[in-house]
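Right, one structure below, let's go through it.
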Amino acid sequence: MPIRYHLSLAFLLIAITVLVYYDSFNNSFVYDDYPFVVENTAIRRLDAASIIRNFTVFRATASNECLAKDVWRPLVTTSFAIDYKLWKLNPHFYHAENVIFHAANAALVYIATFLVLDNAFAAFIASIVFAIHPAQTEAVTWVSGRSNVLFLFFFLLAFILHMRNRAFKESALNYNLSLIFFTLALLSKEMAIVLPLVLILYDLHFYPGRDLKHYLKYYLPFFLTGAFYILARFSVLGVLAQREGWWGGSIFYNILTTFKAIAEYIRILFFPVNPKILYLMDIPQTLLDRGLIASLLTMASALILYLTFLRKKAVSFYILWFFVTLIPVYNIVPFKAVMAERFLYLPLIAFAALFGILFSKRTGLVFITMAVILITYGALTISRNVEWRSELSFYMQEQARSPLDPTAHYNLGYAYQKEAKIYSGDRNIATSYYALAVKEYKEAIRLKPLSHLAYMGLGNVYNDVGHYDDAIKNFRKALAVKEDSDVYNNLAVSYSYSGMYAEAVNSCKKALYLDPGHVSACINLGNAYFMKGEYEKAKSAWMRASGLGAKNLALEERIKAFRKVKEKDAKSREG
């Protein structure tokens, strides 16, 4: 087939992808974009020392300590630093870059699928499904989804090079490049760890018969790379799991919950409606749980489908691809999310390929059915992109879809609070938004009484409106649930506004004990010392903040104020 034909399909594919996601260019930063990008001072510098810090210091990942301890994705942090160097905090370019990577990934899906199916039309349909499926919006439209589009870009390059090594004479260059791209994929997101399993799966289906010695020699460097990555990640974060303990309290209930999550993933693939960023999953307490039974039936259907098409290598390969590439999110190593749509970014390739195989026959009825499905997918994706337009619109949709989720209420309360600050010049509007924020935070506490975040949110609102006694009470309640450096820092602000500078100093010190890299706590510590008249200590705290990356006008003004005081003291002593 002439290269011109493939290039024409690739150009059309990229055009369709950009058309569907073009409206996302107008979206703002939302949700975790703030700790990962907007509030993350680590991305404000792009030099050798800062890049090394991205790889060696967990705090460089996000401004929020809890989030920073959850993931180690130094290549993503570095990509954000490059973005900041080029266009500061203009969200349009960040979104555009995500879409560019997504379009490139769609083209790579086309290449990989064509190499498996040897059918350009089926590969083209598969790549379109991958590009415009509504489940992809979380991975693409969300700026923080950069980890998904970046890791898959390198993952697919590594896989395609492996496929070329199998289809043609083995090349040391292709092999080494595949290892390098695998490493880059791991440094972008943890889900890349399954690449060696995918390579084995591919070889067993399409190139069986090699001797065991060859397999060991070929795959061992990939597994060693994965093992080295796990050790490096642990050395930086200090933990392997995001959460302590299994979902449901035991590995048995954790497995049952995972079964339910897998069934829900399959549901999303076929019926991508009612999308959410937060999925509540009821932990099954018995094998007779209705949701669990439905999940097991879904899994059994997938097994029957696999056995039915066992001799059709491409079909059986992609069925196993789906389940194998989900392994990192089976909660074998427990983490905070039971499931999320962004976790489907890699597994969805299997669904897309099977869709391409099913609709590869070019009959009128098949074409019409396929066209209706693809148009529906595109329309749903565009609609979902609009929901990500701003934090307020996004969180309102999330709360409406998950009314029993305390996190959804907390997030909406946070969005209302931010709107109140935006309209601070109009007291009536600001007061209304603050009232809505309090309502959402209190609902979050009602649904989850031990929610330190909701108590912290209430404390922040009361700080904003000048009710410092109420703020202090809620911050203390938050700390009774969980010690948190951000809560201690915000409590210090309340103390300072109340004239309790000694308490503010102690609170800042506790924040810095929990998180030595907390820039805001350093600044507030300096403020408290300054108000106590301990100017040398104030200067030391501010200079520490400056050393951690706090380069802003407010800090410069504080340092200038310190110098003026010192000059005034010197003159008074001379007089």
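Within region 34-80, restricting attention to residues that are in a loop (DSSP other than H, G, I, E, B) and touching a Pro at 6+ places or on another chain (Cβ under 9 Å), the residue that is nearest to MET191 (Cα to Cα) is THR61.
GLU39 fulfils the conditions (1) closer than 30 Å to LEU195 by Cα; (2) of a type outside the set (A, V, I, L, M, F, W, C); (3) within 16 Å of the chain's Cα centre (by Cα) except for a single criterion, (1).
The condition of being free of Cβ contacts under 8 Å to residues at least 40 places away in the same chain, of a type outside the set (Phe, Trp, Tyr) and either in a helix (DSSP H, G or I) or within 25 Å of ASP464 (Cβ to Cβ) (or both) holds for only one of THR376, THR381, THR407, that being THR376. Take the conditions (1) part of a helix (DSSP H, G or I); (2) among the hydrophobic types (A, V, I, L, M, F, W, C); (3) out of contact with any Phe, Trp or Tyr (no Cβ under 7 Å at 6 or more places or on another chain); (4) surrounded by 16 or more Cβ atoms within 10 Å (Cβ to Cβ); LEU278 misses just one of them, which is (1). The residues on offer are THR77, THR17, and the sole one that is touching a helix residue (DSSP H, G or I) at 6+ places or on another chain (Cβ under 8 Å), among the β-branched types (Val, Ile, Thr), closer than 28 Å to VAL239 by Cβ and surrounded by 14 or more Cβ atoms within 10 Å (Cβ to Cβ) is THR77. The single residue among ILE262, ILE268, ILE293 that is farther than 23 Å from PRO134 by Cβ and not hydroxyl-bearing (Ser, Thr, Tyr) turns out to be ILE293. Taking the criterion of being modelled with pLDDT of 90 or more and either hydrophobic (A, V, I, L, M, F, W, C) or touching an Asp or Glu at 6+ places or on another chain (Cβ under 8 Å) (or both), would at least one residue in region 528-542 satisfy it? Looking for residues that are modelled with pLDDT of 90 or more and either hydrophobic (A, V, I, L, M, F, W, C) or touching an Asp or Glu at 6+ places or on another chain (Cβ under 8 Å) (or both), one finds at least one in region 528-542, hence yes. Residue-level analysis places ASP83 among those that are assigned to a helix (DSSP H, G or I), of a type outside the set (Gly, Ala, Ser) and surrounded by 17 or more Cβ atoms within 10 Å (Cβ to Cβ). For residues that are under 19 Å from the mean Cα position of the chain (by Cα) and among the hydroxyl-bearing types (Ser, Thr, Tyr), scanning just region 398-413, find the one that is farthest from THR431 (Cα to Cα). Result: THR407.
Against the condition at pLDDT 90 or above, within 26 Å of VAL116 (Cα to Cα) and over 28 Å from the mean Cα position of the chain (by Cα), how does GLY364 come out, does it pass? Against the criterion (at pLDDT 90 or above, within 26 Å of VAL116 (Cα to Cα) and over 28 Å from the mean Cα position of the chain (by Cα)), GLY364 does not qualify.
Table: residues versus (1) within 23 Å of THR325 (Cβ to Cβ); (2) touching a residue at least 60 places away in the same chain (Cβ under 8 Å); (3) β-branched (Val, Ile, Thr); (4) surrounded by 12 or more Cβ atoms within 10 Å (Cβ to Cβ).
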{"residue": "LEU197", "(1), (2), (3), (4)": "yes, yes, no, yes"}
{"residue": "ILE200", "(1), (2), (3), (4)": "yes, no, yes, yes"}
{"residue": "PRO208", "(1), (2), (3), (4)": "yes, no, no, no"}
{"residue": "ASP211", "(1), (2), (3), (4)": "no, no, no, no"}
{"residue": "ALA227", "(1), (2), (3), (4)": "yes, no, no, no"}
{"residue": "ILE230", "(1), (2), (3), (4)": "yes, no, yes, yes"}
{"residue": "GLY238", "(1), (2), (3), (4)": "no, yes, no, no"}
{"residue": "LEU256", "(1), (2), (3), (4)": "yes, no, no, yes"}
{"residue": "LYS260", "(1), (2), (3), (4)": "yes, no, no, yes"}
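Summed over region 105-136, the residues that are in a helix (DSSP H, G or I) and either under 12 Å from TYR345 (Cα atoms) or under 20 Å from the mean Cα position of the chain (by Cα) (or both) give a count of 10. Of all the listed residues (LEU216, LEU292), the sole one being modelled with pLDDT under 85, over 27 Å from the mean Cα position of the chain (by Cα) and buried (at least 18 other Cβ atoms within 10 Å of the Cβ) is LEU292.
Among the residues of region 166-182, the one identified as among the basic types (Lys, Arg) and part of a helix (DSSP H, G or I) is ARG166.
LEU447 fulfils the conditions (1) within 28 Å of PRO91 (Cα to Cα); (2) touching a Leu at 6+ places or on another chain (Cβ under 7 Å) except for a single criterion, (1). For region 70-97, which residues satisfy the criterion of being under 20 Å from THR183 (Cβ atoms) and among the basic types (Lys, Arg)? Selection gives ARG73 alone.
Applying the set (1) surrounded by fewer than 20 Cβ atoms within 10 Å (Cβ to Cβ); (2) not in a helix (DSSP H, G or I) to PHE29 leaves exactly one unmet item: (1). Within the option set SER316, SER301, being of a type in the set (Gly, Ala, Ser), more than 21 Å from the chain's Cα centre (by Cα) and loosely packed, with under 14 Cβ neighbours inside 10 Å holds for one residue only, SER301. When the residues of region 329-338 are narrowed to those that are touching a Ser or Thr at 6+ places or on another chain (Cβ under 9 Å) and hydrophobic (A, V, I, L, M, F, W, C), which ends up nearest to GLY245 (Cα to Cα)? Taking the candidates together, the pick is ILE332.
Quick test for you: out of ALA158, ALA139, pick the one residue that is surrounded by 20 or more Cβ atoms within 10 Å (Cβ to Cβ), hydrophobic (A, V, I, L, M, F, W, C), at pLDDT below 95 and part of a helix (DSSP H, G or I). Answer to the selection: ALA139. Here ASP47 clears all of (1) more than 27 Å from ALA337 (Cβ to Cβ); (2) touching a residue at least 60 places away in the same chain (Cβ under 8 Å); (3) among the acidic types (Asp, Glu) except the condition numbered (2). Scanning region 513-547 for residues that are closer than 19 Å to ALA62 by Cβ and touching a Leu at 6+ places or on another chain (Cβ under 7 Å) turns up GLY517, HIS518, VAL519, ALA521, CYS522, ILE523, ALA545.
The values are calculated or read from the model by the stated rules, or taken from the named source; none is laboratory data. Keep in mind it's a predicted model, so treat the numbers as computed, not measured. All Cβ positions, glycine included, derive from the backbone under ideal geometry; neighbour counts span all protein chains shown.
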